[in-house]
Structures are given as structure tokens and as C-alpha cells.
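Chemist: What follows is a single structure, and I will ask about it in a moment.
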Amino acid sequence: MKVTDHIKEAKGKTLFSFEIIPPVKGRNIQELYNNIDPLMEFKPPFIDVTTSREEYIYIDRDGLLDKKLTRMRPGTVGICASIKHKYDVDTVPHVLCGGFTKEETEYLLVDCHYLGIDNIMALRGDAMREEKYFEPTEGGHNYAIGLVKQVQNLNCGKYLHEVIETDDCADFCIGVAGYPEKHLEAPSMSTDLKRLKEKVEAGADYVVTQMFFDNKKYFEFVEAARKMGINVPIIPGIKPIAVKRHLNLLPQVFKIDLPEDLVEAVEQCKDNKAVRQVGVEWCIEQSKELLVAGVPVLHYYSMGKSDNIKGIAQEVF
């Protein structure tokens, strides 16, 4: 079932969803299940599963370092199928431009269609660790809009090298990212909103925002998007702070601002256990305000851990 259909069927009630990351290569999926199980009592209609792009590792071969490409967290589509089967819940695999050719993307989408996966989150992806800026994969898409167009074409039976007439065309619901504090590479908020509108016009069905810690940023973003003519659901993405180093890491990596009250509360914490509690309490208040505002979904970035998300959901839902 499509994310947008879940929202329509909720008839104004705010839904609960969350995002997980695949286990590191070599780890058992049971670890993932152990973190999903406690959250199923809140009846998420869908669960997002991230995709990791390739990265370089160095292998020592008789004193010489051999540089190789690898994926540390493979298996997104398989994990989506497994979760869908185990929990009878819809899943949303993240599909990236970075690290994938158009042909590889088509194969991935075909696999999703075979498995009955109805939703796709189309993302450009981040630069590799060794890159200062994002470099598109040879034969891949430069931007998420190209990926959205490819998915939309496949929905119409238009594959990369042929048109297939069938009564069983894919019909993917396409999600894209939005940035309440603008994408770190965008020259201005206005430009960033124009790019978002282009993705929606190309076929995106809904938007999930990057994390933010000041609800005012989200409300202003939605208002500006509506004025721009972006009328699809805009789902707030929320992440509770969990460790003290997030004060420096999150603004540096995601180019977001942290409210001064939150910063001061975290700085006063003696250890990360106290920081985690501050993060939970802040996120509860943030979630309650968004709930009152009638957001379609509260979408939590769990990063594979469920205890703090469960603590938040118990107070909100």
C-alpha cells in the first residue's frame, strides 16, 4: 500500500513511522528485528530502510595497501522484503543516485516490483568519505530528479531500453527529501524550494524532511512550499539527540541549527545517559506540538535503536 494512501485512510490522524539502517555486513538480521519489535505496538503503517553507498577500504597485501570499493551495509531490498513478510507492514527502500548506474537502479526497481514493495524514497545520496563534493557515478543520475523521472517512467512501462506493454506495471509511490534549513549545497532557500518543486512536478508523491530541532523551521518550510505550489504531504523527520558529540556533529554534517535551550541542556549533562534523556524529553515536546498542528506522519530517525524512540512514542501516541 502506498504511503499517500495510508495518509488518506488516516483521515487527519497523525501516523507513526520510523527509519532503520541495515546491519553491518556479517551481522544477523535478528539484531534488527530486536529493535523493530518494541516499536510495532505503535502500529507504523510503513518503515523506511536506508541504503548505504559504496566506500573505499584498504586491504594490506604483503605490505602494500590495496584500495577496494565495498558496501558495509548491503541488503536494503532484501531487508525490506523480510520486514514486510515478518510484520505485514509496508516498507520504503531508499534508492540512491550515488553508487548506482541507471541499469542497476532499474534492476533494483524490478526486484521491488516483484516483491510487492509499493514505495520508493528517491535520494541523490551523500558524497563518499574521500570526496569533498558529491560526484555522480558514471552511468548514474546526477540528481534525485533524474531518479524520480526514471521511477515514474517505469511506472508507465518505459524501461531504459524498451517500452513494455503490460497490465501489471509498477506503480511506485515516490518520496523525496526536503530541507527546512535548506540543503547544504543549495545557494539559497528559494533555490532549494524550486528544486523540490521540480521533483514533485517530475512525479514525487510526498516529502520527508531532514531532521530539525526547532518546529518553527518546519512550519515556515511548509508554508513556503505551499506558496511555491508544492501541495503533496510534507512529513517531518525527527531525531532525538543521543550523545553529547551530536552538538558538534549534527550541525557540521547536516548544516542545521540547534536551539540554544537544547544546547544548554545537553552541555549541563554529566554523561551520555543524561544526554539521551534530554534528547527524549525535547523530542516528546517537539512531537506533541507537531501532533497538535496535524502533521500527516511523525517520522523518527531511529538509527537502528528503539529504546529512545519507544520512550517518545509512549508519551505522544
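Chemist: State all residues of segment 144-186 that are among the β-branched types (Val, Ile, Thr) and assigned to a helix (DSSP H, G or I); if no residue qualifies, say none.
Modeler: Going through segment 144-186, the residues among the β-branched types (Val, Ile, Thr) turn out to be 145, 148, 151, 163-164, 166, 174, 176.
Scanning segment 144-186 gives 145, 148, 151.
Chemist: Check every one of the helices (runs of 4 or more DSSP H) wholly within segment 236-317 and list those with 2 or more residues that are under 15 Å from residue 212 (Cα atoms).
Modeler: 246-254, 260-267, 272-292
Chemist: In this structure, does residue 185 turn out to be touching a Phe, Trp or Tyr at 6+ places or on another chain (Cβ under 8 Å), exposed (fewer than 15 other Cβ atoms within 10 Å of the Cβ) and touching a residue at least 12 places away in the same chain (Cβ under 8 Å)? Give the steps one after another, and end with the answer.
Modeler: On the way: touching a Phe, Trp or Tyr at 6+ places or on another chain (Cβ under 8 Å): yes; exposed (fewer than 15 other Cβ atoms within 10 Å of the Cβ): yes; touching a residue at least 12 places away in the same chain (Cβ under 8 Å): yes.
Yes: the conditions hold for residue 185.
Chemist: Please determine, by comparing only the residues of segment 205-240 that are under 14 Å from residue 287 (Cα atoms), buried (at least 21 other Cβ atoms within 10 Å of the Cβ) and hydrophobic (A, V, I, L, M, F, W, C), which one is farthest from the chain's Cα centre (by Cα).
Modeler: Of everything passing the filter in segment 205-240, 213 is farthest from the chain's Cα centre (by Cα).
Chemist: In addition: For segment 115-137, how many residues are out of contact with any strand residue (DSSP E or B) (no Cβ under 8 Å at 6 or more places or on another chain) and either buried (at least 21 other Cβ atoms within 10 Å of the Cβ) or modelled with pLDDT under 95 (or both)? Outline the logic, then answer.
Modeler: Restricting attention to segment 115-137, the residues satisfying the condition of being out of contact with any strand residue (DSSP E or B) (no Cβ under 8 Å at 6 or more places or on another chain) are 115-116, 126-127, 131-137.
Then keep just the ones that are either buried (at least 21 other Cβ atoms within 10 Å of the Cβ) or modelled with pLDDT under 95 (or both); that gives 126-127, 131-137.
Number satisfying all stated conditions: 9.
Chemist: Still on this structure: When you scan segment 252-270, do you find a residue that is of a type in the set (A, V, I, L, M, F, W, C), buried (at least 17 other Cβ atoms within 10 Å of the Cβ), closer than 30 Å to residue 171 by Cα and at pLDDT 95 or above, even just one?
Modeler: no
Chemist: If residue 192 meets every condition in (1) of a type outside the set (Val, Ile, Thr); (2) crowded, with 18+ Cβ neighbours inside 10 Å; (3) closer than 21 Å to residue 230 by Cα; (4) touching a residue at least 24 places away in the same chain (Cβ under 8 Å) apart from one, which number is that one?
Modeler: (4)
Chemist: Scan segment 1-30 residue by residue and report those that are more than 17 Å from residue 45 (Cα to Cα), free of Cβ contacts under 8 Å to residues at least 12 places away in the same chain and of a type in the set (D, E, K, R).
Modeler: Our first condition is that a residue be more than 17 Å from residue 45 (Cα to Cα); within segment 1-30, this holds for 21-30.
Narrowing further to those that are free of Cβ contacts under 8 Å to residues at least 12 places away in the same chain: 26-28, 30.
The one that is more than 17 Å from residue 45 (Cα to Cα), free of Cβ contacts under 8 Å to residues at least 12 places away in the same chain and of a type in the set (D, E, K, R): 27.
Chemist: Show me the strands (runs of 3 or more DSSP E) found entirely inside segment 1-71 where at least 1 residues are of a type outside the set (A, V, I, L, M) and at pLDDT 95 or above. Give the steps one after another, and end with the answer.
Modeler: Numbers: elements: 15-20, 46-49, 55-61, 64-70.
Where strands (runs of 3 or more DSSP E) fall fully within segment 1-71 and carry at least 1 residues being of a type outside the set (A, V, I, L, M) and at pLDDT 95 or above, they are 15-20, 46-49.
Chemist: Out of all the residues in segment 194-246, which are touching a Gly at 6+ places or on another chain (Cβ under 9 Å) and of a type in the set (S, T, N, Q)?
Modeler: 209, 210
The values are calculated or read from the model by the stated rules, or taken from the named source; none is laboratory data. Here the structure is a predicted model, which means the values were calculated and not measured. When we count neighbours, we look across all protein chains shown, and the Cβ atoms used for this are built from the backbone with ideal geometry, even at glycine.
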